[in-house]
Amino acid sequence: VGAGDGYEVVIGDGVMDTIGERLRAVTAAEKVALVTDQTVGELFAMKADTLMARAGFTVVPMAVPLGESSKSWSMAGDILEALAAHAISRGDVVMALGGGVVGDLAGFVAATYMRGIGLVQVPTTLLAMVDSSVGGKTGVDLNAGKNLAGAFKQPLAVMADTSTLASLSEDEWRSGLAEVAKSAVIDGEEFFAWLEENAAALLDRQPDVVEEAVGRCVEFKARVVGEDELEEGPRECLNYGHTLGHALEKASGYGTVPHGLAVAEGMRFEMRVAMDLAGAESAFVKRQDRLLDALGLPALEVELHATEVHAAMRGDKKVRSGVVRMVLPSAPGQWQCVEVADATISAHLGAWASTKEGDQP
Ligand SMILES: NC(=O)c1ccc[n+]([C@@H]2O[C@H](COP(=O)([O-])OP(=O)(O)OC[C@H]3O[C@@H](n4cnc5c(N)ncnc54)[C@H](O)[C@@H]3O)[C@@H](O)[C@H]2O)c1
């Protein structure tokens, strides 16, 4: 995976049991700064610490409070100071043990401490396994918006132990499922059809199906990132469903609509815009609706004004010269990033909002 020398992504039940040897295989570091959040720390840090100590590493644990608010400039500063206070040196590594919050934060710190030291990602949420731990994007939020400061930092390795997912909450599980669905639609017919067949098993967290889904998503993302490491073109496809999704999260107040449901709703909405502008056929639209239903990502019931959502959409990172751009798929595996005129968005948002009022099926 990745540009340059590439790196290995190991996925499987029990990968954590060999974390010490696996880490030794990619670094000669003496110390490991183990960054996690409180929940993940309580669940897995002790085990990781013991196994790495056995492999000869000195582990320096650093736990941050739960949630997105830890992905902050000040938290990054605190960790950087802590790295210096513990005399972490150039040859040492930062390990991100946790979900996307810890991965983005610890990754950003690893990218900036001494102008960059080694990073290892140990994702423990489905979202982090299928999306955020691979691809090298790291960063923190600013008051003005999410992910506004960051750096590209490819890890030395990614170790995804799928057995850690058993303790994830339903909402967190669905956040990951929405990204799996997104990947399948953009990747192509083979993945899409596989997911249709295995949706119920994946919703039930059947281990072999979970492992395969993570593997398929990582392969897909690695391919996309390999073509466009710095997000100058094709990588935009990963934003499918996120133009409306992010706007919904913002307009309703972060934390109100779970991320996964917001992204799934975004996919439903953007697919309808794709019918209008990109030639998506109604059979494809229905297939995606059924897939999302089967993954436990039903159409949302939200009370939101179309104008508020539209305003939030204008803050999307794909906006260019004030024009909203959306990733619009025309068939599995085929998509384009299209400028969508304000009037078109208003019309679609109006239709969308009216379905929420129960005026239409
Ligand atoms: N860098 C990227 O390419 C990229 C891509 C997508 C998303 N992101 C970022 O990822 C973040 C969201 O990630 P997330 O959804 O993983 O959130 P998160 O890191 O906040 O994790 C969600 C919750 O799950 C808990 N948790 C983690 N692992 C657990 C486990 N195994 N068992 C029980 N609980 C566990 C955490 O403590 C947390 O409360 C956002 O900040 C987003 O911007 C980054």
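No value in this document is a laboratory result; all are computed from the given coordinates. A quick note: this is a predicted structure, and the numbers were derived from the prediction, not measured. Glycine gets a Cβ as well: all are built from the backbone with ideal geometry, and neighbour counts include every protein chain shown.
Some notes on this structure:
- Candidates GLN206, GLN121, GLN154: whichever shows maximal mean-square fluctuation once the chain is modelled as a Gaussian network with Cα springs under 10 Å: GLN206
- Positive-pole candidate from GLY67, LEU119, VAL35, dipole of the stretch 33-120, charges at beta carbon: LEU119
- For the stretch 289-361, size of Cβ-based charge dipole, Lys and Arg +1, Asp and Glu -1, in debye: 460
- Set of the stretch 100-120 residues, backbone N closer than 20 Å to the point 7 Å along the Cα-Cβ line of ARG90: 109-120
- For the chain, the longest principal axis of the C-alpha atoms and the axis of helix 170-187 are separated by about 70°.
- Loop-resident sites, the stretch 1-104, for trypsin sites (Lys or Arg not before Pro), counting at most 15 other Cβ within 10 Å (DSSP): ARG90
- Contour excess over end-to-end distance, with Cα ends at VAL302 and TYR254 and 0.36 nm allotted per residue: 15.9 nm
- Full extension of the chain between LYS47 and GLU189 gives 47.1 nm of extra length, using 0.36 nm per residue less the Cα-Cα distance.
- Per residue, the chain reaches -14500 deg cm²/dmol at 222 nm when only DSSP H runs of four or more residues are counted, each adding -39500 (n - 2.57).
- The residue list CYS217, ALA87, GLY260 was ranked by how far each Cα lies along the charge dipole of the chain toward its positive end, using unit charges on Cβ atoms, and ALA87 comes out on top.
- Cα lying deepest toward the dipole's positive end in the chain, options LEU203, ILE345, THR138, charges on Cβ: THR138
- DSSP-loop GluC sites (Glu not before Pro) across the stretch 218-257, with at most 15 other Cβ within 10 angstrom: GLU232
- Whether the stretch 217-361 is rounded, prolate or oblate, judged on the alpha carbon gyration tensor where a/c under 1.5 counts as rounded: rounded
- Exposure proxy shown here: for TYR254, TYR113, the number of other Cβ atoms within 10 Å sets the order, fewest to most, as TYR254, TYR113.
- Computed label-point distance, nm, for sites ALA28 and ASP276 using a 7 Å Cα→Cβ extension: 6.0
- Summing Cβ point charges (Lys, Arg +1; Asp, Glu -1) relative to the Cα centre of the stretch 85-175 gives a dipole of roughly 420 debye.
- Counted by neighbouring Cβ atoms within 10 Å, the residues CYS217, CYS237, CYS337 run from fewest to most as CYS337, CYS237, CYS217.
- Counting beta carbons within 10 Å around each of MET16, MET275, MET114 and listing the fewest first gives the order MET114, MET275, MET16.
- Exceeding the 20 Å Cα-Cα cut-off - candidates LYS286/LYS318; LYS137/LYS182; LYS182/LYS356: LYS286/LYS318; LYS182/LYS356
- The slack in the chain from ASN143 to SER69, taken as 0.36 nm per residue of separation less the alpha-carbon distance, amounts to 25.6 nm.
- Those residues of the stretch 78-120 whose amide nitrogen sits under 19 Å from the label point placed on LYS317, 7 Å along Cα→Cβ: 99-112
- Set LYS31/LYS146; LYS71/LYS317; LYS71/LYS250 screened for pairs whose C-alpha atoms are more than 26 Å apart: LYS31/LYS146
- Distance cut-off 38 Å, percentage of C-alpha pairs in the chain lying past it: 16
- Here the chain is treated with +1 on each Lys and Arg Cβ and -1 on each Asp and Glu Cβ, and its dipole about the Cα centre works out to around 840 debye.
- ³J(HN,Hα) computed for each position of the stretch 190-205 - Karplus, 6.51 cos²θ - 1.76 cosθ + 1.60, integer Hz, glycine/proline x: 4, 5, 4, 5, 4, 5, 4, 5, 10, 4, 5, 5, 5, 4, 7, 6
- Global geometry of the stretch 12-105, whether rounded, prolate or oblate, following the gyration tensor of its Cα atoms and the 1.5 cut on a/c: oblate
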